[in-house]
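Scroll down for the structure; my scribbles are underneath it.
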Amino acid sequence: MAIERTFSIIKPDATRRNLTGKVNAMLEAAGLRIVAQKRIHMSRAQAEAFYGVHKARPFFNDLCTFMTSGPVVVQVLEGENAVAKNREVMGATNPANAAEGTIRKVHAESIEANSVHGSDSPENAATEIAYFFAGTEIVG
Ligand code: ADP
Ligand code: MG
């Protein structure tokens, strides 16, 4: 398996509780390397565009409100099989269904405020990385 990159967000519920370091320690322990990182406050337009695939879902409006409710940390993770590995360490979308030891099981507050985002495919990872980072900001 080749070295791959994926896109990650530490969501507002986690930054509010000062969990950035704890979340990233779990990502690093899983073998993922943080090769780009910045703390931003997403605009409504950025959140709506980022989650555009979910526009028709009933939770879309609340999700965009949540994602703009405080700072987030956007980051690029690198490693073998990084997309799938990140999804594994994140755990299921609903923390009630997340496996023991996963980030969402340990830290998430709810199905919405679930502490982390992770790309669901290498194609989406490339799109999401390019949405937030210039190539020169990613240092492997
Ligand atoms: P994931 O983040 O696990 O890839 P989705 O892409 O399906 O999950 O959804 C994007 C985000 O939307 C979730 O991480 C969560 O914050 C929110 N979300 C998903 N489903 C619901 C729901 N049923 N109710 C409220 N928020 C939801
Ligand atoms: Mg998703």
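Things to note:
- Exposure proxy shown here: for M67, M26, the number of other Cβ atoms within 10 Å sets the order, fewest to most, as M26, M67.
- Model label sites at V139 and T127, defined 7 Å from Cα along the beta-carbon direction, differ in position by 3.0 nm.
- Taking the Cα centre of region 7-140 as reference, the dipole from Cβ charges on Lys and Arg (+1) and Asp and Glu (-1) amounts to some 320 debye.
- MRE, 222 nm, helices only [DSSP H, n ≥ 4, -39500 (n - 2.57), over the chain, to nearest 500]: -10500 deg cm²/dmol
- Relative contact order computed over the chain (Cα-Cα under 8 Å; 6+ residues apart), in percent: 38
- Computed E for V53/A99 - FRET, C-beta separation, R0 22 angstrom, nearest 0.05: 0.35
- The chain shape via C-alpha gyration tensor axes, a/c threshold 1.5: rounded
Read the figures in this text as sums done on the coordinates, not as results from a lab. On a predicted model such as this, the values are computed, not experimentally measured, just so you know. Note that each Cβ is placed from the backbone with ideal geometry, even for glycine, and that neighbours are counted across all protein chains shown.
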